[in-house]
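**Q** Could you have a look at this structure, given as structure tokens, before my questions?
The values are calculated or read from the model by the stated rules, or taken from the named source; none is laboratory data. Because the structure is a prediction, the values reported are computed rather than measured. As a convention, Cβ positions derive from the backbone with ideal geometry for all residues, glycine included, and neighbour counts pool all protein chains shown. Just so you know, the surface numbers come from the protein's heavy atoms only, side chains and all, with ligands and any DNA or RNA stripped out. Shrake-Rupley method; radii C 1.70, N 1.55, O 1.52, S 1.80 Å.
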Amino acid sequence: MDAGQGLSTSEVQSIRESLAAGRKPRVVFTASAGQIAGQVGQVIELTDPEVSDEFVVVRFGRDELPFSPADLAVAPKGVTRRVVEPKPEPEPEPPAVAAPEFVLDTPRVPAQRQEEPKVEQTEKPPARRAVKAVKPKGPAGLTVTLAYADGEWTVAAQQGSKALAKPYVVKPAEALKMVGLVDVPGVQEAVEQILGTERAEAEQQAEKLRAELAEIEARLAELREAR
């Protein structure tokens, strides 16, 4: 029996389906399980693998203990729990019979009865596997993103795979304040360069609009004089 390989992901999924169907598949303990390696148990439950690596609960004798997939392997068909039979003790040899003694006028002394020593048999309880303390799962990480695209600054927030805030537009001054909190060389300079480019483009557009407005006002003044 090869008990050196642990359970694969597909074998764990097969065990999960068997438990859902009401069956309790047999597994054999691998060498990483310790002194019970080679013994056979029954899987009775699969707990949450994200909470603990030892999420495969196995019934072994009267115990129900959690193990990791590396401690177990799928038991071949027809394999039952291995029981070690005790070796028979050799039978004691019969004592030698002494020849009768003929003694005249000698009183018979009764032989003292020898009591056999009592041997107390104590059964050692099966070794219990120490259960590792389960560390509480901490909160998911939080990510806040400041982005610039197509002339707009946006801020988004996400915790783990859950979006807390979809990207929303902020003012350039607010974006500059956020970047000022990050003490990273080059970041604030890059933001100031982007804002400077936008400022120059806005000034050019404003000058163009002022010139167009001046032309429109002059045309309006001419039309008023023509009354």
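**Q** Output the number of residues of the range 5-27 satisfying the condition of being open to solvent by less than 50 Å² (accessible area, probe 1.4 Å) and not in a helix (DSSP H, G or I).
**A** Qualifying residue count for the region: 5.
**Q** Please enumerate the residues belonging to the range 138-158 that are out of contact with any Phe, Trp or Tyr (no Cβ under 8 Å at 6 or more places or on another chain), in a strand (DSSP E or B) and free of Cβ contacts under 8 Å to residues at least 24 places away in the same chain.
**A** Selection gives L142, T143, V144, T145, A149, E152, W153, A157, Q158.
**Q** Within the range 32-47, can you find the residues that are open to solvent by 80 Å² or more (accessible area, probe 1.4 Å) and closer than 14 Å to D71 by Cα?
**A** Selection gives Q35 alone.
**Q** Determine if the range 48-60 includes at least one residue that is without any contact (Cβ under 8 Å) to a residue 12 or more places away in the chain and either loosely packed, with under 13 Cβ neighbours inside 10 Å or among the polar types (S, T, N, Q) (or both).
**A** Yes, that holds for at least one residue.
**Q** Give me the pairs: first residue in the range 190-209 and among the acidic types (D, E), second residue modelled with pLDDT of 85 or more and loosely packed, with under 11 Cβ neighbours inside 10 Å, beta-carbon distance under 7 Å, and six or more apart or on different chains, which are they?
**A** Once the first residue is among the acidic types (D, E) and sits in the range 190-209, no partner that is modelled with pLDDT of 85 or more and loosely packed, with under 11 Cβ neighbours inside 10 Å comes close enough.
**Q** What number of residues in the range 24-56 are out of contact with any strand residue (DSSP E or B) (no Cβ under 9 Å at 6 or more places or on another chain) and over 14 Å from L7 (Cα atoms)?
**A** 5
**Q** If you don't mind, another one. Here is a check on your reading of the model: is P185 part of a strand (DSSP E or B), open to solvent by 70 Å² or more (accessible area, probe 1.4 Å) and either at pLDDT 75 or above or not assigned by the TED database to the domain that holds S52 (or both)?
**A** So P185 does not fit the description; no.
**Q** Also: Among residues belonging to the range 152-165 that are of a type outside the set (A, V, I, L, M) and modelled with pLDDT of 80 or more, point out the one that is least open to solvent (accessible area, probe 1.4 Å).
**A** Within the range 152-165, the match that is least open to solvent (accessible area, probe 1.4 Å) is T154.
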